[in-house]
Amino acid sequence: MALLLLFIPFLILIVINLPWRVSVSARIALGLVLAYCALQMVVVPILPVSFWQTPLNLPLSIGMDSLQIDWLSRLMLFCIPLVAICSLLTGVQYSKDLKNKFYFKNLILLAVIGMNGVVLARNLFSIYVFIEITSVASFILIASHREKGALEGSFKYLILSAIATMLMLTSIAFFLLTSDNTQFSTITTAIQTAQATGTNSGLLMEAALLLFIIGLLIKGGLFPFHWWLPDAYSSAPSEVSVLLAGIVTKVCGVYTLLRVMRDVPVLHPSINQGVLWVGLISIIVGALLAMRQKEFKRMLAYSSLSQVGYIIIGLASGTPIGYVGAALHLFNHTIFKTQLFINAATVEKSTGTGILDEMGGLSKRMPITGVTSLISFLSAAGIPPLAGFWSKLLIIVALFSTGYNVAAIIALLAGILTLGYFLIMQKKAFFGLLNEKWKDVKESGAAGLVCTIALSAITILVGLFLPYFLYTYFI
Amino acid sequence: MSIDILLVVTIVFTAIITVLQRSLLKGAIGLALTSALLTIQLFRFSSPLAAVFELSICAGLITVVFISTISLAEPLSYQDLSKKLKGRYKKYLTLPVLLVALIALILLIPNDVLTSTLMLKSTAATTTTGGNSDVRNILWNQQGMDILGQIVIMLTGVFGVVLLFKERKNDE
């Protein structure tokens, strides 16, 4: 049944590309894509795992054994369509070109298929194929308006992504040299056997795993492979920034790293330590660079670098608490970053500028955008009782419990930096006296407001009812 | 073994020359040549099916697609071309450094690790890639989901071409 999460969007893609009239096809596309995303958001968490593991009785056997769902997959299968809906509604609001809108919806659906495949696969090669679907859709989406900055951002992402692809394929080739296939279970057994017998193939497989992890760090935009991130996020069309920052880099880089390091638990301790240091440096570098930014979206891009660092250090702690904290922070980051990018899009479209110094007092004209932005940044800074506080707390507790005291203290202190750059952003954009230039700006349209209020509600509810969510979905 | 090393060196050499080409057309032909050399290498590795796919798709189909696209594009004017070519070779100064670093890295791998790695699947390769039924089994039964994935990637590419290039005609 998990295969339906790939087949149904594929069928919808075929239906929306039938030769309807141009005006009708755009509406059909929007309706069907929104309906599918809403259905996936509602159905996946409700139906039990056993339902999704039931095989489909298709005439052709098509490798269904490699598709599996667990609590982490269900969490991502909820987030993927949620961010896709937010991106679609942002696009509907701000993009006027009918033909562009139509292709945008197709590409969103293709990205959703790719991301669904990544979270369902338990085979390195399949994960690579579906990451490539998402990446190719992303390159095209970033460059879709064909502006110079967007083409440059897309090209940088393409080149870095090609390097990541090369590393991932090299590691897959090494795995195929030493084991029968690239299933997680086969790789784990092969590495454990090689480590036990002390043969050279164990060293080769660990090196291969390291190469794959480096590829994922590039895809996720982590230090020191982060330099494509601000250009891609800031130069892409607003609706694409929402998708990219909200879910694409999370699924292709961070989620896959969580999955690989958990399901192939045979990493050399030095690789784990290396990942921990990468996370710590990402937190600090991201926060410091975010404080220097003058542009709204670039500040958010560097903030993403910093926040993803928290996820990585939670993972590197190697404890169940750390893992749950990392997964929870991944979820929280998806929610608050999507919201912040939607608000950035609203502000940019209303004022015509993305430079923070040119804004000022916008919460007087855009109160809902201002308040929801405040909720997101407080959650990102880890202020209780919002959702971000709990995930950061779990990560810090996990680090202290494993003896990574220095890392825990650095992560705690970096929270002050997070508060710092977000306060700068909020003060410059929303607080203070209203800049006379913006006395006629309007609040976001209904589509944008629905998304932003819903995301704030999720942030508050998850924060208040976390024990319920933890016991239902994580434990 | 020496023919394989010679082939690998030639493939890398043609790839570098291809990337350094000024003319897109020569670049596309260089790509076809590199793919053809890779095909020979794959035949030598007893992977005839992979070699056939490489030759027909990379050296054949992709070259045709590239050349068709190049024929549709407008060449740069003399002034624009001169501006682009100014200081061009400075960009490639790091390339010899990277090549030397890569070769040094490969030479640092201990001999016993290298030979035992290369020996690991050499016997398996001749038995699993020789027969059609094994490839069908792998493609349809073990990696079936990847076939769906690859169809979706091609569709994504088609949408990309339509979105990024269709508007150029409307702009004109």
Which condition number does residue A:145 fail, the rest of (1) buried (at least 24 other Cβ atoms within 10 Å of the Cβ); (2) at pLDDT below 90; (3) more than 7 Å from chain B (Cβ to nearest Cβ) being met? (1)
Positions within segment A:439-474 being outside any helix (DSSP H, G or I) and either in contact with a His (Cβ under 8 Å, 6 or more places away or on another chain) or closer than 16 Å to residue A:93 by Cα (or both), in sequence order: A:441, A:442, A:443, A:444, A:445
Please enumerate the residues belonging to segment A:451-474 that are touching a residue at least 24 places away in the same chain (Cβ under 8 Å) and open to solvent by 90 Å² or more (accessible area, probe 1.4 Å). A:464
Check off (1) touching a Leu at 6+ places or on another chain (Cβ under 9 Å); (2) of a type outside the set (Lys, Arg); (3) over 30 Å from residue A:325 (Cβ atoms) for residue A:93 and give me the number that stays unchecked. (1)
Among the listed residues A:399, A:417, which satisfies the condition of being open to solvent by 40 Å² or more (accessible area, probe 1.4 Å) and either in a helix (DSSP H, G or I) or out of contact with any Phe, Trp or Tyr (no Cβ under 9 Å at 6 or more places or on another chain) (or both)? A:417
At pLDDT below 85, open to solvent by 10 Å² or more (accessible area, probe 1.4 Å) and either part of a helix (DSSP H, G or I) or of a type in the set (Gly, Ala, Ser) (or both) - does that describe any residue in segment A:62-82? yes
Go through segment A:233-248 residue by residue and tally those that are assigned to a helix (DSSP H, G or I), more than 19 Å from residue A:132 (Cα to Cα) and out of contact with any Cys (no Cβ under 6 Å at 6 or more places or on another chain). 4
Those residues that are touching a residue at least 40 places away in the same chain (Cβ under 8 Å) and either open to solvent by less than 10 Å² (accessible area, probe 1.4 Å) or over 19 Å from the mean Cα position of the chain (by Cα) (or both), I need them from segment A:123-142; list them, please. A:123, A:124, A:125, A:126, A:127, A:131, A:134, A:135, A:138, A:141, A:142
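Quick one: which residue in B:60, B:149 is surrounded by 12 or more Cβ atoms within 10 Å (Cβ to Cβ), over 25 Å from residue A:127 (Cα atoms) and modelled with pLDDT of 75 or more? Don't jump to the end; show me each part of the working.
Working: B:149 fails: over 25 Å from residue A:127 (Cα atoms).
After ruling out the rest, the residue left standing is B:60.
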Residues of segment A:445-475 being farther than 14 Å from residue A:338 by Cβ and not hydrophobic (A, V, I, L, M, F, W, C), which ones? A:445, A:463, A:467, A:468, A:471, A:472, A:473
Scan A:120, A:158, A:169, A:177 and give me the residue that is within 9 Å of another protein chain (Cβ to nearest Cβ), out of contact with any Pro (no Cβ under 9 Å at 6 or more places or on another chain), open to solvent by 10 Å² or more (accessible area, probe 1.4 Å) and not polar (S, T, N, Q). A:177
Tally of residues being open to solvent by less than 70 Å² (accessible area, probe 1.4 Å), over 13 Å from residue A:12 (Cβ atoms) and in a helix (DSSP H, G or I) across segment A:27-50: 5
Those residues of segment A:237-284 which are out of contact with any Ser or Thr (no Cβ under 8 Å at 6 or more places or on another chain) and small (Gly, Ala, Ser) amount to A:253, A:270, A:274, A:279
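The values are calculated or read from the model by the stated rules, or taken from the named source; none is laboratory data. What you see is a predicted model, and the numbers here were worked out from it, not measured in a lab. Ideal geometry is used to build each Cβ from the backbone, glycine not excepted, and the neighbour counts take in all protein chains shown. The protein model used for the area step is the full one, side chains on, heavy atoms only, and it has no ligands, DNA or RNA in it. Shrake-Rupley method; radii C 1.70, N 1.55, O 1.52, S 1.80 Å.
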